[in-house]
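**Q** Before we start, here is the structure in question, set down as structure tokens.
The values are calculated or read from the model by the stated rules, or taken from the named source; none is laboratory data. None of these values were measured; they are calculated from a predicted model. Methodologically, a virtual Cβ is constructed for each residue, glycine included, from the backbone with ideal geometry; neighbour enumeration extends over all protein chains shown.
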Amino acid sequence: MSEVEITADGPVLTVTFNRPDQRNAMTWAMYEALEQVCDRADSDAAVRVMLLRGAGGKAFVAGTDISQFAEFSTGQHGVDYERRVTQVLDRLQAVRVPTVAVIDGYCVGGGLGIACAVDLRVATPRSRFGVPIARTLGNCLSAATLDLLVRHFGESRTTALLLTARLMSADEALAAGFLATLTDDLDKEVGTLVERLLGHAPLSMWASKEALRRHNRDGRAADVTDIVARVYGSADFQNAVKAFVAKRSPIWSEHG
């Protein structure tokens, strides 16, 4: 079986990290596959939502496969690795459709980075989150990955997670605003969320995602004029205005 399984169910594209015996730790090939499925989501107009989940019920992704670091012999290897991870996470953030991490179990290290790069996160109460590198490999993170963590958890909580190397509970992650929902029934909750997303305007959701991505990259200097012009100039917007006035539900036909 593939280390990354890709399945399509109508408008929903599901990515399953499939190394349950290794708690779905990422290999170089898995990072490559994740980047490729992002391209697929963007090129297939039928795709409206992308789900990411881990196989086995014990982990979403428990970091990068540590055995691969045995081949590192210079500091440049670490620089290249962190640069590659940043490239994949940047690609994931840029996917045009809503992305959802379905988390059951450990979501640590590189797995937490992946979860930070998607739009919404749903988890079970037994899930755990953190970057325990200070007590495992003694490595460090790139500035881009640190920025992702600070964006979601704040500087104080991120500092505490990194220095204490503790794992955050699902309740704490929910209270921090990292999780959209905490549930014992993942499939039901994800099904409800997907149904809601599929009912919304794809172009509007893309605009929100892209504007936020640019804001996180460029700060207040981010230029979103083209996004605003595209949305307000779209047939979907014009038709939705008419539908609202006529007191009927809009029909969405455009994609991000």
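**Q** When only residues in the stretch 221-236 that are touching a residue at least 24 places away in the same chain (Cβ under 8 Å) and in contact with a helix residue (DSSP H, G or I) (Cβ under 6 Å, 6 or more places away or on another chain) count, which is nearest to Lys209 (Cα to Cα)?
**A** As a first pass, look at the stretch 221-236 and keep what is touching a residue at least 24 places away in the same chain (Cβ under 8 Å): 230-231, 234, 236.
Still in the list and also in contact with a helix residue (DSSP H, G or I) (Cβ under 6 Å, 6 or more places away or on another chain): 231, 234, 236.
Numbers: Val231: 13, Ser234: 17, Asp236: 18 Å.
The qualifying residue nearest to Lys209 (Cα to Cα) is Val231.
**Q** Can you report the number of residues in the stretch 177-207 which are within 16 Å of Val118 (Cα to Cα) and surrounded by fewer than 15 Cβ atoms within 10 Å (Cβ to Cβ)? Full working, then the answer.
**A** Filtering the stretch 177-207 for residues within 16 Å of Val118 (Cα to Cα) gives 177-181, 190, 193-194, 197, 205-207.
With surrounded by fewer than 15 Cβ atoms within 10 Å (Cβ to Cβ) added as a condition, the list becomes 177, 181.
Adding up the residues that qualify gives 2.
**Q** Scan the stretch 209-216 and give yes if some residue there is touching a strand residue (DSSP E or B) at 6+ places or on another chain (Cβ under 6 Å) and either of a type in the set (S, T, N, Q) or surrounded by fewer than 16 Cβ atoms within 10 Å (Cβ to Cβ) (or both), otherwise no.
**A** no
**Q** Could you check how many residues of the stretch 14-24 are hydrophobic (A, V, I, L, M, F, W, C) and touching a residue at least 40 places away in the same chain (Cβ under 8 Å)?
**A** 1
**Q** Picking from Val108, Val122, which residue would you name as being under 16 Å from Ala173 (Cβ atoms), of a type in the set (A, V, I, L, M), out of contact with any helix residue (DSSP H, G or I) (no Cβ under 9 Å at 6 or more places or on another chain) and crowded, with 18+ Cβ neighbours inside 10 Å?
**A** Step by step, each of Val108, Val122 is checked, and only Val108 is under 16 Å from Ala173 (Cβ atoms), of a type in the set (A, V, I, L, M), out of contact with any helix residue (DSSP H, G or I) (no Cβ under 9 Å at 6 or more places or on another chain) and crowded, with 18+ Cβ neighbours inside 10 Å.
**Q** Taking the stretch 217-249 only, how many residues are surrounded by fewer than 15 Cβ atoms within 10 Å (Cβ to Cβ) and more than 25 Å from the chain's Cα centre (by Cα)?
**A** Total meeting the criteria: 15.
**Q** Let me spell it out: the conditions are (1) at negative phi; (2) without any contact (Cβ under 8 Å) to a residue 12 or more places away in the chain, and Ala201 meets all of them except one. Which number is the exception?
**A** With (1) at negative phi; (2) without any contact (Cβ under 8 Å) to a residue 12 or more places away in the chain applied to Ala201, the lone miss is (2).
**Q** Continuing with the same structure: Suppose we filter Val100, Val61, Val95, Val15 for residues that are closer than 30 Å to His200 by Cα, among the hydrophobic types (A, V, I, L, M, F, W, C), assigned to a loop (DSSP other than H, G, I, E, B) and in contact with a Lys or Arg (Cβ under 9 Å, 6 or more places away or on another chain); which single one remains?
**A** Val95
**Q** Being at pLDDT below 95, among the β-branched types (Val, Ile, Thr) and surrounded by fewer than 22 Cβ atoms within 10 Å (Cβ to Cβ) is true for just one of Thr136, Thr86, Thr164. Which residue is that?
**A** Thr136 is the lone residue from the list that is at pLDDT below 95, among the β-branched types (Val, Ile, Thr) and surrounded by fewer than 22 Cβ atoms within 10 Å (Cβ to Cβ).
**Q** How many of the residues making up the stretch 104-137 are in a strand (DSSP E or B) and closer than 20 Å to Asp187 by Cα?
**A** 7
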